[in-house]
Structures are given as C-alpha cells and as structure tokens.
Amino acid sequence: MRLLVIEDDKDLNRQLVSALEQAGYAVDQAHDGEEGWFLGDTEPYDAVVLDIGLPKKDGLSVLEEWRRAGRTMPVLILTARDRWSDKVQGFDAGADDYVAKPFHMEEVLARLRALLRRATGHSTNELTCGPVRLDTKSGRVVVSGQAVKLTSHEYRLLAYMMHHMGRIVSRTELVDHLYDQDFDRDSNTVEVFIGRLRKKLGVDVIETVRGLGYRLDPGAGAP
Ligand code: CA
C-alpha cells in the first residue's frame, strides 16, 4: 500500500513518514498544498494524510479539487484545532476521516488501517487467503499456523495482494502501489519478489494469469 503525507510542519511530516514506513507502507511526502495536490492528482495512492493549514494551497481546496476531478482515494485530514466547523468543512470537501492535532501516532495508524480495509471491502485487520493469514495491525504473517518472516518489500507486496485478493493485479499496478516516488522502478523486480514470496509462503496461493498479472486465490490450499 502506498500513501501520501501532505504536512508543512517539517518535524511532524518526518514523524508521520517514518511511522508509516515502519508500519510497512510505501510513503511519498509533500510540504505544501500545490506539490501535494499535484502528487495526489497524478499518482495512485491508496490513502492520503492531508493537513488542512498548508502554504500555497490550503488542504480543503486540495481535497475539493481532487474530488471534483473524480479522485476517490481515502483521505484522512489533520485539523489544527478540535473545532467542529473544521471537521464539517472537511467532510463536506470529501474527507473520509479526521484526526485533531496534537494526536497520538497510534490513532493515525489505526484510522488509516480502517480506511484501507473499508476501501478494499474488508471488515477486519486480519486478512485470510487459504492457509495464509496477514494481520495488518501487527504486521505478522502466518501460514498454516507457522509464522513467516518477510522483508518489508515482500510484506508490502503480500499486503497489497491480500487487500485485493480474488482480483487480477497487473505488474504495473503492483509497481505503482508498492514503491514510493524515489524508488528505482523496474517492473521486473516484481517478478523477483513474487518468486521469493512464493518460496517463503511455501503454499500455492499466488496464481500467475498469463499476460495480465497475478491473483491471490482465496480458495487455494483447500482440499
Ligand atoms: Ca499546517
């Protein structure tokens, strides 16, 4: 899953980005409304953390423009004060959730997990595909009851596919949702990661759909 953080407070931006990366997301960052609007308008983010008080273009305008252009990614707004009118304006501009500053990072992480699972049609943090279980809260992956250790890239790949299980996911889509802007994007590496992931999971849940991409088969591993 790939996220965008738009926050002009440098320290807070850095804290958000590092907490989100720690939690297994690919993260891009912007420090003003114009840059943030542009990234959100051109890159396919799974969710956005958007500050309301921003230089160059305020957060509400950024959000309204995205929504007017038909961009539907979940947006969590950061409001400076716990004022009811900020929240109402934010929701009316197209926000999906909000956190009032100052906040606990755990709350931002929990709200993002909720937005991501809702956007992909899941009801809990624990995603299950045949014998494979992935807990988006703890970052733990278990196959047939045995814990499996994955690298951050392998985890990100599996988490994206688990959120979208049953659907064919193309290599381009995976590249778009697994790597941040600065990453050297060579779509061949996706095949390498898929191969490693298959080996580590040890069960045949990732199906290759020739010419189209990959699909996690929820019925895999069943007798
Ligand atoms: Ca601000």
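No lab work stands behind these numbers, since they all come straight from the coordinates. In this text, all values refer to a predicted model and were calculated from it rather than measured experimentally. Backbone-built Cβ (ideal geometry, glycine too); neighbour counts: all protein chains shown.
A 31 angstrom limit on the alpha carbon distance is what I want to check against. Which of K56/K101; K56/K137; K57/K137; K137/K199; K101/K149 exceed it? Mind showing how you got there, number by number?
Details: K56/K101 21 Å; K56/K137 35 Å; K57/K137 33 Å; K137/K199 24 Å; K101/K149 35 Å.
Too far apart for the 31 Å limit: K56/K137; K57/K137; K101/K149.
Can you divide the C-alpha Rg of segment 81-223 by 2.2 N^0.38 Å and report the result to two decimal places?
Details: Rg = 17.5 Å, N = 143, 2.2 N^0.38 = 14.5 Å.
That works out to 1.21 for segment 81-223.
At R0 = 35 Å, how high is the FRET efficiency between K101 and T72 if r is their beta carbon distance? Nearest 0.05 is fine.
Details: r = 26 Å, r/R0 = 0.73.
For R0 = 35 Å, the calculated efficiency reads 0.85.
What is the magnitude of the charge dipole of the chain about its Cα centre, with +1 placed on the Cβ of each Lys and Arg, -1 on the Cβ of each Asp and Glu, and no other charges, expressed in debye to the nearest 20?
On the way: 30 positive and 36 negative charges, 207 e Å.
Here the size comes out at about 1000 debye.
List residues of segment 42-58, by number, whose backbone nitrogen lies under 18 Å from a label position 7 Å along Cα→C-beta of Q181.
Counting only backbone N, you get 42-52, 54-58.
How long is the gain from W84 to D217 if the chain were fully straight, where each residue apart is worth 0.36 nm and the alpha carbon distance is subtracted? Intermediate results must be reported in sequence, preceding the final value.
Numbers: separation 133, 0.36 × 133 = 47.88 nm, distance 4.44 nm.
Taking W84 through D217 to full extension adds about 43.4 nm, to one decimal.
In debye, nearest 20, what is the charge dipole magnitude of segment 2-119 about its Cα centre with +1 on Lys and Arg Cβ and -1 on Asp and Glu Cβ, if you could check? Don't skip to the end; give the middle numbers.
Numbers: 16 positive and 23 negative charges, 75 e Å.
For this selection, approximately 360 debye.
Search the structure for amide H atoms under 5 Å from the amide H of A30, placed 1.01 Å from N in the peptide plane, and list their residues when 5 or more places away or on another chain.
V5, I6, E7
Once you have the alpha carbon radius of gyration of segment 60-114, what is it after dividing by 2.2 N^0.38 Å, with N set to its residue count?
Details: Rg = 11.3 Å, N = 55, 2.2 N^0.38 = 10.1 Å.
That ratio works out to 1.12.
Counting only helical runs of four or more DSSP H residues, what would the 222 nm mean residue ellipticity of the chain come to if each run contributes -39,500 (n - 2.57) and the total is spread over all its residues? Kindly include the intermediate steps, with their values, before the conclusion.
On the way: 8 runs with 92 residues, N = 223.
Taking each H run of at least 4 residues, the total per residue is -12500 deg cm²/dmol.
Could the peptides 120-132, 155-167 be put in order, highest first, of the mean number of other beta-carbon atoms found within 10 Å of their residues? Could the numbers behind the result be given before it?
Details: 120-132: 16.4, 155-167: 20.4.
Put in order of decreasing packing, that is 155-167, 120-132.
Given P131, T208, F183, which one lies farthest toward the positive end of the charge dipole of segment 111-223, if we put +1 on the Cβ of every Lys and Arg and -1 on the Cβ of every Asp and Glu?
After comparing all options, I get P131.
Just going by the charge dipole of the chain, with Lys and Arg at +1 and Asp and Glu at -1 on Cβ, which of G59, Q29, M1 is farthest out on the positive end?
M1
Rounded to whole Å, give me the distance from the Cα center of segment 9-26 to that of segment 75-113.
16
Would you kindly state how much longer the chain becomes between S61 and R171 on full extension, computed as 0.36 nm times their sequence separation minus their alpha carbon distance, in nm to one decimal? Each step should come with its number before you reach the end.
Numbers: separation 110, 0.36 × 110 = 39.60 nm, distance 3.33 nm.
Using 0.36 nm per residue and subtracting the Cα-Cα distance, I get 36.3 nm.
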